[in-house]
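Worksheet: one structure, shown below.
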Amino acid sequence: MKNLLIFFAAVLMLSVFNSCSRDDDWEYKKDLDPESWTPFNLQSNRLSFSEVQISWDQNDTDIEGFIIEGAMDETRHKLIADLPKGARSYILTLDDFLGHYLSLRICAKAGEYRSGYCKKYLSWEIPGPTYVSSDTLCPNVYQFTWEYDNIYDAEGFRVVRGLHSMDYKNELISTDWEILADLPLTTTSYIDSAVFPKNHGNFFTLSYKVRAYNGDYTTAECRFFGDGLQSIAEPRNAKIIRQNEHTVNIVWKTPSIYNHDIIFQRLDRSQDPAVFVDIATVKMDDEMVQDDRFEMNQEVKYNLKTVSGEYYMDLPWLYFYSGPAAPELTVSHTGESTVSLSWIFPPNGIDGYKIDRKINEGDWELDYAIVEDPEDCFFEDIALDLNSNSYTYRVYAYSSVYESCRAETSVGNNKK
C-alpha cells in the first residue's frame, strides 16, 4: 500500500512538472519578434452562396493553435474561431460577417503570447448578373437583358424596380423599391410597362436591379437606369438667347421619343401676387419659342410648363434682366502687340462675360476668354501681331440660362 501511494505521488509530481515545463517553454516567445511566427499566405475561396473557405500557412510548429477574428471597421474585432495548431483552413458562414464586408485577421497563439496578425479584407458579395443591353421600346416601355455565370447554384433571378420622385431641378426627393418578379435561370430578359403616380408638379423616373438568388442569399446587383422612362419629359438644356433689344428666343433640346405640349408662360408682375400667364403653346420638338413683349429694365421670368395627359411639370427657372441687349464695347488701348477691351453692361442676373476671337477671316475661337466677375468689364489680349493681322472680338454676357447679344469690334491690319 505504501508503495502504491508513493507511485501516485510520483505521477502527480511528474504531471505538475511537465505542466510547469510547458508554460516555461512559451517564455522564449516573449523575446521573439511577433512577426517571425505569424501565419502567412491567407487566402479565401467561395464555396457556395453561404460559405467562404479561408486557408493559411504556418512555418513555426511550436505553437498551441490559431485565433481568427473579424470586424467591420478594422478596430473592434470579435472572436470567430479558436483552432488547434494543426488547422490550416476554416469555413466562414454568413453568420461570421457583421455586414457585407469583413476585416479578417489570424494569429498564432502560444500560452499567453500571440504572434503578429496576417490580415485580409473580404467581401461577402457574390458576383452578380452583368449588363448586356437595354432599350426603350416606346414611351414608358423598357426592355433590359443580362447574363450570368451560375457557378454557385443560384435558384433564379429577382427583378426589383425603383420609383424615383424628382423635383423640377432634377433633384431626388424619394425612392420606393418593389420586387417585380422572381424569374427562372433560363430567363435573362425582362420587359416593364411603367405606370406612374398622378403627382402634379413633380415627375418620376425608374431604374431596375437584377440579382441572382438562392433562398435568402443574393448576389451583387446588375443595374439598369431606365433611360427615357419618366412620367413626363422636361425640355433639356433650356436657355434664353437675346436676339435684339426687344426680342428673345427660348431654346431647348427634346428627348427623342417625347413630343409633349409646352405651355410657355411669363411672370406677370402687375398682379398681386405675381402669377405666370400663358403666352403660347408649342410642341416640345419645336425646340424654340419667341417673346417680344417683355417689359424693359427688369427681371423677366419664364416657365416652361410641360403637359402630357394628366401630368404636368413646371420649370420656372428661366430668367434674365431686360436691360441693354449687348455690352457697349470699346477698344480702350492698342499697342504694338496688345489690345485692351472694355465695356459697359449691368451685372444683374449674369455670371460674367465670354469673349470670342477671330484672326483675319479664320474661324471663331469660341470662349477664347471668360471673365467670371460680372463687375469686371475689361480684357487685355497680348502677344499679337497687329502689323500683319486683323483681330476681331465679340463680347457677350452669360449665365447658366442666358446669353446676351454679341458686341463686336476689330483691330489691326486688314491684310489677309
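The values are calculated or read from the model by the stated rules, or taken from the named source; none is laboratory data. In this text, all values refer to a predicted model and were calculated from it rather than measured experimentally. All Cβ positions, glycine included, derive from the backbone under ideal geometry; neighbour counts span all protein chains shown. Side chains included, ligands, DNA and RNA excluded: accessible areas come from the protein's heavy atoms. Shrake-Rupley method; radii C 1.70, N 1.55, O 1.52, S 1.80 Å.
Side notes on the structure shown:
- Whether the range 257-334 is rounded, prolate or oblate, judged on the alpha carbon gyration tensor where a/c under 1.5 counts as rounded: oblate
- GNM flexibility winner over the chain from GLU295, GLU336, GLU287 (Cα, springs under 10 Å): GLU336
- Accessible-area order (highest first, 1.4 angstrom probe) of the listed residues SER399, SER337: SER337, SER399
- Shape category assigned to the range 219-356 from the gyration tensor of Cα positions, a/c cut at 1.5: oblate
- Remark: for residue pairs LYS30/LYS85; LYS305/LYS354; LYS283/LYS354; LYS253/LYS301, the C-alpha separation exceeds 27 Å in LYS305/LYS354; LYS283/LYS354.
- Listed residues VAL195, ILE279, HIS246: farthest to the positive end of the dipole of the range 181-335 (Cβ charges): VAL195
- The heavy atoms of CYS138 present about 60 square angstrom of accessible area, all protein chains included, probe 1.4 Å.
- Listed residue (THR409, HIS77, LEU341) projecting farthest to the positive dipole end of the chain, Cβ model: HIS77
- Legend: residues SER189, SER231, sorted from most to least accessible area (1.4 Å probe; ligands, DNA and RNA excluded), read SER189, SER231.
- The phi torsions of the range 329-340, fed into the Karplus equation with coefficients 6.51, -1.76 and 1.60 and a -60° offset, translate into couplings of 9, 9, 8, 7, 6, 9, x, 5, 9, 9, 9, 10 Hz, rounded to whole numbers, with Gly and Pro shown as x.
- Global form of the range 33-112, assessed from the alpha-carbon gyration tensor, a/c cut-off 1.5: prolate
- Correct choice for mean projected area of the Cα convex hull in nm² that was computed from the model, options (i) 31.6; (ii) 39.0; (iii) 22.8: (ii)
- Contact order for the range 257-416, expressed relative to its length and based on alpha carbon pairs under 8 Å spaced 6+ residues apart, stands at 18 percent.
- Extension gain from TYR101 to ARG114, taking 0.36 nm per residue of separation minus the Cα-Cα distance: 2.2 nm
- Dipole magnitude (debye, nearest 20) for the range 291-382, charges at Cβ of Lys, Arg, Asp, Glu: 320
- Electrostatic bookkeeping for TYR393 treats Lys and Arg as +1 and Asp and Glu as -1; over the other residues with beta carbon under 13 Å from its beta carbon, the sum is -1.
- Relative contact order %, the chain, counting alpha carbon pairs below 8 Å whose residues are six or more apart: 9
- Size of electric dipole in the range 235-352: Cβ of Lys, Arg +1 and of Asp, Glu -1, about Cα centre, debye, nearest 20: 180
- Just checking the listed ones, TYR28, TYR402, TYR311: in the Gaussian network model of the chain with Cα springs under 10 Å, the one fluctuating most is TYR28.
- Each helix, a run of at least 4 DSSP H residues, gives -39500 (n - 2.57); summed and divided by the residues of the chain, these come to -2000 deg cm²/dmol at 222 nm.
- Accessible-area order (highest first, 1.4 angstrom probe) of the listed residues HIS333, HIS77, HIS260: HIS333, HIS77, HIS260
- Overall, the chain carries a charge dipole of about 700 debye about its Cα centre when +1 sits on the Cβ of Lys and Arg and -1 on the Cβ of Asp and Glu, all other atoms neutral.
- Note on the chain: with a GNM built from Cα contacts shorter than 10 Å, the maximum mean-square fluctuation among TYR321, TYR117, TYR131 falls on TYR117.
- Applying the Karplus relation 6.51 cos²θ - 1.76 cosθ + 1.60 with θ = phi - 60° to the range 47-53 yields 3J(HN,Hα) values of 9, 7, 4, 10, 9, 10, 9 Hz, where x marks Gly and Pro.
- Estimated distance in nm for a label pair at GLN290 and VAL331, the labels positioned 7 Å out from Cα along Cα-to-Cβ: 3.4
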